[in-house]
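Quick notes on the structure that follows.
The values are calculated or read from the model by the stated rules, or taken from the named source; none is laboratory data. Please read these numbers as outputs of a predicted model, since none were measured by experiment. Quick reminder, even Gly has a Cβ in these numbers, built from the backbone with ideal geometry, and neighbours come from all protein chains shown. Note: areas computed on protein heavy atoms with side chains; ligands, DNA, RNA excluded. Shrake-Rupley method; radii C 1.70, N 1.55, O 1.52, S 1.80 Å.
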Amino acid sequence: MAIAAMKALYEFGKRVPEDCSVIAIDGIESSLYTTPTLTTLSQPQEALGKEALRILMDVVEGRSASSHIRLDRP
């Protein structure tokens, strides 16, 4: 989606990053080949999944209520 947004901005005469900022999520590899290079936010998907399952199991088994956590970058 972010790469398509960059193309649409270009077609409307806007420049990235001079006129608009575009940031993608999940570190898509093809972002390395765009001009300019697309900034991406990479999330620790495996750690997020493990923590989500742990929290879900705690809630289902009555060990704790739902909670919010923050994961450190690897």
Being open to solvent by less than 80 Å² (accessible area, probe 1.4 Å), in a strand (DSSP E or B) and on the phi < 0 side of the Ramachandran plot is true for just one of Ala24, Ala47. Which residue is that? Ala24
Listed residues Thr40, Thr35; which is in a loop (DSSP other than H, G, I, E, B) and β-branched (Val, Ile, Thr)? Thr35
When you check Leu53 against the structure, is it more than 12 Å from the chain's Cα centre (by Cα) and open to solvent by 90 Å² or more (accessible area, probe 1.4 Å), yes or no? yes
Scan region 50-61 and tell me whether some residue there is closer than 13 Å to Ala2 by Cα and aliphatic (A, V, I, L, M). no
Pull up region 18-37, narrow it to residues that are within 25 Å of Asp72 (Cβ to Cβ) and in contact (Cβ under 8 Å) with a residue 12 or more places away in the chain, then point me to the one that is farthest from the chain's Cα centre (by Cα). Ser31
